[in-house]
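This report refers to the structure that appears directly beneath it.
Coordinate-derived values only; no laboratory data. Everything numeric in this text was worked out from a predicted model, so none of it was measured. With ideal geometry, Cβ positions are generated from the backbone for all residues, glycine too; neighbour counts draw on all protein chains shown.
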Amino acid sequence: MKNPSNLQKNMELFKKIKDGGRISREEALKCYKAGFFEISSLAQARLEALGGADEVGYIVNRMINYSNICTARCKFCAYHAKAGIVPSFRLTDGGILDIIRESAEMGAVQIMLQGGLHPDFNLDWACALLKKIRAEFPQMGLHVFSPSEIVYFAHAAGVDVYGALARLKDAGANSVPGAADLLIDEIRSRYCTNKCTVMQWKDVMRALAKLGMRSSATMTFGMGESDEQRIEHLDAVRSVQDETGVFDAFIAWPLAPENTLLRNLKRVGSVEFLKTLALARIYLDNIRIVQSGWLTEGLKIAEIALHMGANDVGGVLIDEMVVRAAGIDNKSSAAGMEAAIRAAGKIPHKRDNFYNKL
């Protein structure tokens, strides 16, 4: 039998959440340890308080990886050339433009462009490429380059991240993917030592805000971190959003370790994923959009996620390759996304790069 005093405390916490109150890390941990249906109802209450809980967005977009030759060599990545899963490659500017032309014909309104940390791909190259893209596709949303790439570009060019981002914005960039992995220094020092630090990631977000640009906050979990460390990551995101307001959305997905150096880790299950997503909706009271994570979990789990506080299913991601290299081959289309949203009892709408309805 449950201790009545603890139950009463939980009832008070649940009321606080449903009333829209901000919760602490300690309260978040209590909430995470609640039952599946309890945390689901709390997350939905948070979403309903924002209004528009019955409407769910999606975007037709394409991810273009310009190279997989990467000096970062993260232990959780199966895509970089040294992992031995995907042969090394690098796209030419002409090849990238051809892919964008094809994507535009397929209805894409956003291009995501990312690659490895490679000395041949620098800030001058990035700006020149963006200008070519923008000249041909003036209305295309360009959600480009990870914070680690931007820090890498800036260091090689001898400028700070603000200077690098100012040049990228002038060349045509609209926004930057969050690509946060886990914002825990202990985890980063263990698995991705060559990527930007937590502080450098925050500096990129601050610079984006000063420039009037946008980003998304992400979370890749299931690297052996504790529940407390997941909440520490969420707290870092919430604090940066309090400071800058730069995030349009939060996106979380579990690590797929099977083809990586972390293959001995047990993959996070769907229940744990959904509870983590619900906790994000509750804890991140300053971010309106929470995505459902279909790419790693599939559209059936994404349907359930739409009852765990999520209100966007993300992008179609035509020809996504990084997750596929890890052994996951989920695919979708605009029609498939609309069908999944309707199956969840929600109303679908297409959106643009900035989460505006189309």
I need the shape label for region 51-350. Rule: rounded when a/c is under 1.5, else prolate if a/b > b/c, else oblate, with a, b, c from the alpha carbon gyration tensor. rounded
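When the helix-only estimate is applied to the chain (DSSP H runs of n ≥ 4, each -39,500 (n - 2.57), divided by the residue count), what is the mean residue ellipticity at 222 nm, nearest 500 deg cm²/dmol? The partial results should precede the final answer.
Working: 15 runs with 164 residues, N = 358.
Rounded to the nearest 500, the figure is -14000 deg cm²/dmol.
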Against the longest alpha carbon principal axis of the chain, how many degrees, from 0 to 90 and to the nearest 10, is the axis of helix 334-343 turned? 0 degrees
So how tilted is helix 4-18 from the main axis of the chain? Cα-based, degrees 0 to 90, rounded to 10. 50 degrees
Surrounding net charge for Tyr191, when Lys and Arg each add one and Asp and Glu each subtract one, Cβ distance under 11 Å: +2
Please tell me the relative contact order of the chain in percent, rounded to the nearest whole number, where contacts are Cα pairs under 8 Å and at least six residues apart. 24 percent
Per the chain, cysteines lacking a partner by the 4.7 Å Cβ criterion: Cys31, Cys70, Cys127, Cys196
Residues Tyr283, Tyr32 in order from fewest to most other beta-carbon atoms within 10 Å are Tyr32, Tyr283
Mind telling me which of Arg25, Arg281, Arg73 comes out most flexible in a GNM of the chain, alpha-carbon contacts under 10 Å? Arg25
The size of the Cβ-based charge dipole (Lys, Arg +1; Asp, Glu -1) of the chain about the Cα centre, to the nearest 20 debye, is 360 debye
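Out of all DSSP beta bridges with both ends in the chain, state the antiparallel percent to the nearest 5. List each step's numbers first, then the result.
Values: 2 of 31 bridges.
So the antiparallel bridges amount to about 5 percent of the total.
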